[in-house]
Every structure is written in structure tokens, then in C-alpha cells.
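Heads up: the structure comes next, in C-alpha cells.
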Amino acid sequence: AQSVTQLDSQVPVFEEAPVELRCNYSSSVSVYLFWYVQYPNQGLQLLLKYLSGSTLVKGINGFEAEFNKSQTSFHLRKPSVHISDTAEYFCAVSGVVTGGGNKLTFGTGTQLKVEL
Amino acid sequence: NAGVTQTPKFRVLKTGQSMTLLCAQDMNHEYMYWYRQDPGMGLRLIHYSVGEGTTAKGEVPDGYNVSRLKKQNFLLGLESAAPSQTSVYFCASSSRPSNTGELFFGEGSRLTVL
């Protein structure tokens, strides 16, 4: 079975400060990892993904994440946040499900609130 | 640039009533999904489809049915709505399996069951 844990349900931060949103996963097979962002009253959109290769992944809007296999983590970072980054962020892990096929498992989300 | 469109966006039902949510995508994607989003629980997969005429159960399929008669449409039905089905429902599509491909989401359908 696979699972994702987002350790913080809410993260308040001042504008132009750095931020890190934490994500830990568990899986018995090789994993693919994703971060999605959901702006208010909208659907989710892909921020970045790790499939293979370099463990440092760069995404849209200046975000990046680092895959750490030994710590089973995929934390999301941004060096300087903007008010427009206020949104909910979901970490997700993919893996094989019983009966074949693949499944994307989402974490419970972290609400990032950027304040002036 | 419609992408994934969900109708209706809001609906209020009484317990026991039935309804259908429609999802339409114009990207010619093979794979389509229905998720529900509840506070503190993230997104949970209800049903999915890997192509026209095929459907499969996700992790929370009970109380829901789906159909994929046309490649571009994926319908989610509630035969007898229950208050536990109050949620925000998201449809998504992808050109590749969800484990490697990017999912494109609709804007959501907020359902309240009284």
C-alpha cells in the first residue's frame, strides 16, 4: 500500500519569505511523486513531478522540490513567496494497485497563506 | 481552451434523490477520473476509465456509478443520494496513466445532500 503524509495542514508566511511544505511518502515499489496546487474555487493543476533522474525538480512559479529516497520525502520549497502563492498544495504518490493499473494517492493538503 | 468542463457546478439534493454529474474534455484524452474532496481528507478516487466503454472502481466507489459511452464524456451518477455524499467532486483527464502523466482537472462540482 502507498500513502502520503503532509505534516502541516496550514503554513502562514510573510511575503518574500522562504517557505517549505513537507511531504513524506511510503510505498513498496518505485515511486513517482507530484505536487499539485489548488487556487481558491478552482481545480488542481500540476506544479511539478519527479519520475526519474535528477532528484531536484523545478516547477512552475519558482517552486522546486527535492526527492530524498533515504528519508522518503519530497518537500516543496520556494525561496521567496508572493501573495499570489496563497493556495492549497497537495503532494501525491503513484503506484500499482491490486488488479493492475496505477493509482495516484493524494495527501490531505497544506494550506499556504501568504501575508503582507 | 475549455479543457475539462464539469456541469453542474452547484447542486442541492434531498436524501434519496438521484442526479448525474457530467464531465467533458476536449483534449482527446484516453484516461478520465472522478475524485471527491472532503476537508482534511484530500482527494479520493471514486471511479476511473482507461478508455471509451471501460470503467473501473477506485478507492471509494460505493453509492456511485459511472459511464463512458463517448471518449470525451465521463458521467458520475448518484442513484440515491445520502448526506455522506456531500462533497466537492472533481473530474480529471490525462493522456497517459495517472502514475506518470499530468492530470487536468475541472473546476469542481459542489454537491450538498440534505
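Just for region B:20-81, what percent of DSSP beta bridges are antiparallel, to the closest 5?
100
About its Cα centre, what dipole magnitude does chain B give when the only charges are +1 on Lys and Arg Cβ and -1 on Asp and Glu Cβ, stated in debye to the nearest 20?
On the way: 11 positive and 9 negative charges, 42 e Å.
I would put it at about 200 debye.
Please get the size of the charge dipole for the protein assembly as shown, origin at its Cα centre, with Cβ charges of +1 on Lys and Arg and -1 on Asp and Glu, quoted in debye to the nearest 20.
520
Taking each residue of B:50-60 in turn, how many C-beta atoms of other protein chains fall within 10 Å of its C-beta, and what is the average?
Across B:50-60, the average partner-chain Cβ count within 10 Å equals 1.
May I ask for the accessible area buried between chains A and B, both sides summed, probe 1.4 Å, to the nearest 100 Å²?
Details: alone 6490 and 6210 Å², together 11050 Å².
When A and B are taken together, about 1600 Å² of accessible area is lost.
Please report the carbon-and-sulfur percent of the accessible area for chain B; probe 1.4 Å, protein heavy atoms only, DNA, RNA and ligands left out.
C and S atoms contribute 52 percent here.
Around A:Gly43, with a cut-off of 14 angstrom between Cβ atoms, what is the net charge of the other residues, counting Lys and Arg +1 and Asp and Glu -1?
0
List, in order, the whole-Hz ³J(HN,Hα) value for each residue of region B:55-69 obtained from phi through the Karplus relation with A = 6.51, B = -1.76, C = 1.60 and θ = phi - 60°; use x for Gly and Pro.
Result, rounded to whole Hz: 9, 8, 7, x, 8, 9, x, 5, x, 10, 9, 9, 8, 9, 6.
How large is ³J(HN,Hα), in whole Hz, for each residue of region A:85-94 in order, when computed from phi with the Karplus curve 6.51 cos²θ - 1.76 cosθ + 1.60 and θ = phi - 60°, using x for Gly and Pro?
Listing the rounded values in order: 7, 4, 4, 9, 10, 10, 8, 9, 10, 10 Hz.
Roughly how crowded by other chains is peptide B:38-47, in terms of the mean Cβ count from those chains within 10 Å of each of its Cβ atoms?
Numbers: counts 1, 3, 3, 4, 11, 11, 2, 5, 0, 0.
Taking the mean over all residues of the peptide, I get 4.
With θ set to phi - 60°, apply the Karplus curve 6.51 cos²θ - 1.76 cosθ + 1.60 along region B:103-114 and write out the HN-Hα couplings as whole Hz, x wherever there is a Gly or Pro.
3J(HN,Hα) across region B:103-114, in whole Hz: 8, 10, 9, x, 7, x, 10, 8, 10, 10, 10, 8.
Considering only protein heavy atoms, with the full assembly of protein chains and a 1.4 angstrom probe, order B:Thr15, B:Thr5 by accessible area, largest first.
On the way: B:Thr15 85, B:Thr5 55 Å².
Listed by decreasing accessible area, they come as B:Thr15, B:Thr5.
Express the accessible area of region A:29-71 per residue in Å², computed with a 1.4 Å probe while the remaining protein chains stay in the model.
That works out to 52 Å² per residue.
Quote the FRET efficiency, to the nearest 0.05, computed for A:Asn41 versus B:Met27 with a Förster distance R0 of 30 Å and r equal to the Cβ-Cβ distance.
0.85
Once label points are set 7 Å from the Cα along Cα→Cβ at both B:Lys71 and B:Thr54, what is their separation, rounded to one decimal in nm?
Going from the B:Lys71 label point to the B:Thr54 one covers 1.4 nm.
For chain B, what does the convex hull of the Cα positions come to per residue, in cubic angstrom?
Spelled out: Cα convex hull of chain B, divided by residues, is 93 Å³.
The values are calculated or read from the model by the stated rules, or taken from the named source; none is laboratory data. As the structure is a prediction and not an experimental result, all values here were calculated from the model. All Cβ positions, even for glycine, are placed from backbone atoms using ideal geometry, and neighbour counts span all protein chains on display. Surface areas here come from the heavy atoms of the whole protein model, side chains and all, with no ligands, DNA or RNA. Shrake-Rupley method; radii C 1.70, N 1.55, O 1.52, S 1.80 Å.
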